[in-house]
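The values are calculated or read from the model by the stated rules, or taken from the named source; none is laboratory data. As the structure is a prediction and not an experimental result, all values here were calculated from the model. In this analysis, Cβ positions are derived from the backbone assuming ideal geometry, glycine residues included, and neighbour counts consider all displayed protein chains. Just so you know, the surface numbers come from the protein's heavy atoms only, side chains and all, with ligands and any DNA or RNA stripped out. Shrake-Rupley method; radii C 1.70, N 1.55, O 1.52, S 1.80 Å.
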Amino acid sequence: MPAQNRNCPCGSGDRLDECCGRHLAGIPAPSAERLMRSRYSAYVLGDVDYLLQTTLAAQRAGLDRAAMQAWSLQSTWLGLTVEKTEQSASRPAHAFVTFSARWRDASGEHIHRERSAFVRHGDHWYFIDPTVPLHAGRNDPCPCGSGSKFKKCCHGATTR
Ligand SMILES: [Zn+2]
Ligand SMILES: [Zn+2]
């Protein structure tokens with residue numbers, strides 16, 4: 001089957017080229033959930049550049065490209081479930097998506113459930129990687145670029 005006719009790996013039921021494929025090709029994902037879905041599809045398709053581009057700029061230098069590529073290519077991706085999206089009226093540039101992703105590798109089947117934070121800059125949503133520390137003082141501007149103080153914004157969005 002030609003690649004463009006395949007069903008989207010994110011599980012939407014739509015064709016890849018009418019779903020996450022459009023975002024991988026450069027059209028910004030219009031919501032945090034769409035970005036989350038397209039990042040899962042990028043893992044399935046091995047598009048590490050997309051994963052880097054859609055991570056918060058302040059965290060990009062802390063990403064391990066080789067490890068991301070290896071995880072992407074050495075896993076058999078089994079599916080994505082998006083449980084819910086949360087967005088508060090008081091912080092419209094931020095959203096949280098709770099999801100679980102399943103994959104299989106040499107050590108067996110795995111499931112990862114996470115409530116991921118996302119931030120919007122203009123037309124673009126970005127993933128805030130919980131494993132990459134954000135460095136800022138509590139009263140400094142948040143590294144996410146929102147303009148809020150760190151302590152009132154993404155402080156706590158990363159786990160280490
Ligand atoms: Zn999709
Ligand atoms: Zn922030």
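A few notes on this one:
- Using heavy atoms of the protein chains and a probe of 1.4 Å, the accessible area assigned to Y50 is about 10 Å².
- Surface accessible to a 1.4 Å probe, per residue, for the residues of region 3-152, Å²: 52 Å²
- Projecting the Cα atoms of S75, S107, S90 onto the charge dipole of the chain (Cβ charges, centred on the Cα centre) puts S90 farthest toward the positive pole.
- The helix-based estimate of mean residue ellipticity at 222 nm for the chain, built from -39,500 (n - 2.57) per DSSP H run of four or more residues and divided by its residue count, is -6000 deg cm²/dmol to the nearest 500.
- Tensor-based shape of region 1-77 (alpha-carbon gyration tensor, a/c under 1.5 rounded, otherwise prolate or oblate): oblate
- Packing around the peptides 119-125, 72-78, 28-34, 108-114, taken as the average count of other Cβ atoms within 10 Å per residue, puts them in this order, highest first: 28-34, 119-125, 72-78, 108-114.
- When the Cα positions of P141, S41, P28 are compared along the charge dipole of the chain, P141 comes out farthest toward the positive end, with charges on each C-beta of Lys, Arg, Asp and Glu.
- Net charge dipole, the chain: roughly 500 debye, given to the nearest 20, about the Cα centre with Cβ charges of +1 for Lys and Arg and -1 for Asp and Glu.
- For C20, net neighbour charge (Lys/Arg +1, Asp/Glu -1) across residues whose Cβ lies under 14 Å away: +1
- Cα shape, region 1-131, gyration tensor, a/c 1.5 rule: rounded
- Sequence of K152, K84 from largest to smallest accessible area, 1.4 Å probe: K152, K84
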